[in-house]
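Step one of this worksheet: look at the structure below.
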Amino acid sequence: EAVLLVAEQIDVDVQVVDPGQEEVEEEDYAEDEAEEPGELVPRPPVVTVMGHVDHGKTSILDAIRHADVVSGEAGGITQHIGAYQVRHDGRAVTFIDTPGHEAFTAMRARGAQVTDLVILVVAADDGVKPQTVEAIDHAKAAEVPIVVAVNKIDRPEADPARVRQQLSDYGLLPEEWGGETVFVDVSAKQRTNLDGLIEMILLTADVQLDLKANAKVMARGVVIEAHLDKGRGPVASVLVMRGTLLQGDPLLAGTAWGRVRAMLDERGNQLEEAGPGQPVQVLGWQSVPEAGDEFGSLEDEREARRIAQEREHHQRQA
């Protein structure tokens, strides 16, 4: 942090990388030249839900997901892949289901700018709490827009106006009071106004962010979470940020490499390809990559292995 502060003062761009990363990054991804504006296509916004414990982050996510599942998906439990997509009026929104703010900060600290937008969940009957403030600080540090979801408005003691008042003290002034921040009153339990929340997410993304990506290049993105599965070996949930990931592509993430043996969406369906903004579970890694690592697909499996081994060597030396 001290290095970054000093760098900021003398106006130098500093990037924190893992040992051994600097040698390979440049040659790896040299082909990522500036894109033609014509090649860029809109991509879904990637949303992280944050807020105080017990204010209903998970229930909002579940309610949104179930509302979507009911709308014509074969039911059944959704896979936990750390992220999933919800469709609304023909457009998709990707939700990252981060376990807490630490994960969010860890991903950011690794330079992975995953999130486009933060939903801050505040309970209408409980108001602003220490973790709420912490979430606001994280979102502001990441410089992403915040949409406030005032949850539990079905409770008799709910007071959404008080929440707005408290949050305006932290610089989140509601639109209806002439501010910039979008507030949406919802109830996860009663499934009230969840559509309104998704509409506001899409609207905020359209107005404040111009989210576009080139789908015709090699896939690049971020590892959201990874683990070792008994039957399937190392499994990683990744979010494709640009390009298209195809089955059979050689992959590299940090010191882990592999070839895409299979890709699954959050409902366990096999996919042939994954485009920008899409989260998928990838099988076929040789070792477990780390959450927050950037991944890229390469032309050649040998190349992926060589770079991964080189990085590992540097890490051991370090």
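The values are calculated or read from the model by the stated rules, or taken from the named source; none is laboratory data. These numbers were taken from a predicted model, which means no experiment stands behind them. Cβ placement follows ideal geometry from the backbone for every residue including glycine, while neighbour counts extend to all protein chains displayed. For the accessible areas, the whole protein counts, side chains as well, though only heavy atoms, and no ligand, DNA or RNA atoms are used. Shrake-Rupley method; radii C 1.70, N 1.55, O 1.52, S 1.80 Å.
Just checking, which of Arg242, Arg220 is closer than 26 Å to His314 by Cα and among the basic types (Lys, Arg)? Don't jump to the end; show me each part of the working.
On the way: Arg242 fails: closer than 26 Å to His314 by Cα.
Within the list Arg242, Arg220, the selection yields Arg220.
Within the range 258-287, track down each residue that is closer than 19 Å to Gly231 by Cβ, hydrophobic (A, V, I, L, M, F, W, C) and crowded, with 20+ Cβ neighbours inside 10 Å. Once the filter is applied, which keeps residues that are closer than 19 Å to Gly231 by Cβ, hydrophobic (A, V, I, L, M, F, W, C) and crowded, with 20+ Cβ neighbours inside 10 Å, the range 258-287 yields Val260, Met263, Val280, Val282, Trp285. Residues that are touching a helix residue (DSSP H, G or I) at 6+ places or on another chain (Cβ under 9 Å) and either closer than 10 Å to Pro276 by Cβ or surrounded by fewer than 22 Cβ atoms within 10 Å (Cβ to Cβ) (or both) were ranked within the range 210-245; the one that is modelled with the lowest pLDDT is Ala215. Any residue at all in the range 68-81 that is modelled with pLDDT of 60 or more, outside any helix (DSSP H, G or I) and open to solvent by less than 40 Å² (accessible area, probe 1.4 Å)? Looking through the range 68-81, at least one residue is modelled with pLDDT of 60 or more, outside any helix (DSSP H, G or I) and open to solvent by less than 40 Å² (accessible area, probe 1.4 Å). Residue count for the range 281-318 under the criterion of being touching an Asp or Glu at 6+ places or on another chain (Cβ under 6 Å) and within 19 Å of Gly243 (Cα to Cα): the result is 1. The number of residues in the range 286-318 that are under 22 Å from the mean Cα position of the chain (by Cα), under 24 Å from Ala213 (Cβ atoms) and not small (Gly, Ala, Ser) comes to 5. Within the range 193-208, the residues that satisfy the criterion of being open to solvent by less than 40 Å² (accessible area, probe 1.4 Å), in contact with a strand residue (DSSP E or B) (Cβ under 8 Å, 6 or more places away or on another chain) and among the hydrophobic types (A, V, I, L, M, F, W, C) are Leu197, Ile198, Ile201, Leu202, Ala205. The combined condition, being in contact (Cβ under 8 Å) with a residue 24 or more places away in the chain and under 18 Å from Val47 (Cα atoms), is not fulfilled by Ala123. Counting the residues of the range 160-169 that are outside any helix (DSSP H, G or I) and surrounded by 16 or more Cβ atoms within 10 Å (Cβ to Cβ) gives 0. Pairing each residue of the range 290-314 that is touching a residue at least 12 places away in the same chain (Cβ under 8 Å) with any residue that is aromatic (Phe, Trp, Tyr) and crowded, with 17+ Cβ neighbours inside 10 Å, provided the two are 6+ apart or on different chains, yields C-beta distances under 6 Å for Ala304/Trp257; Arg305/Trp257; Ala308/Trp257.
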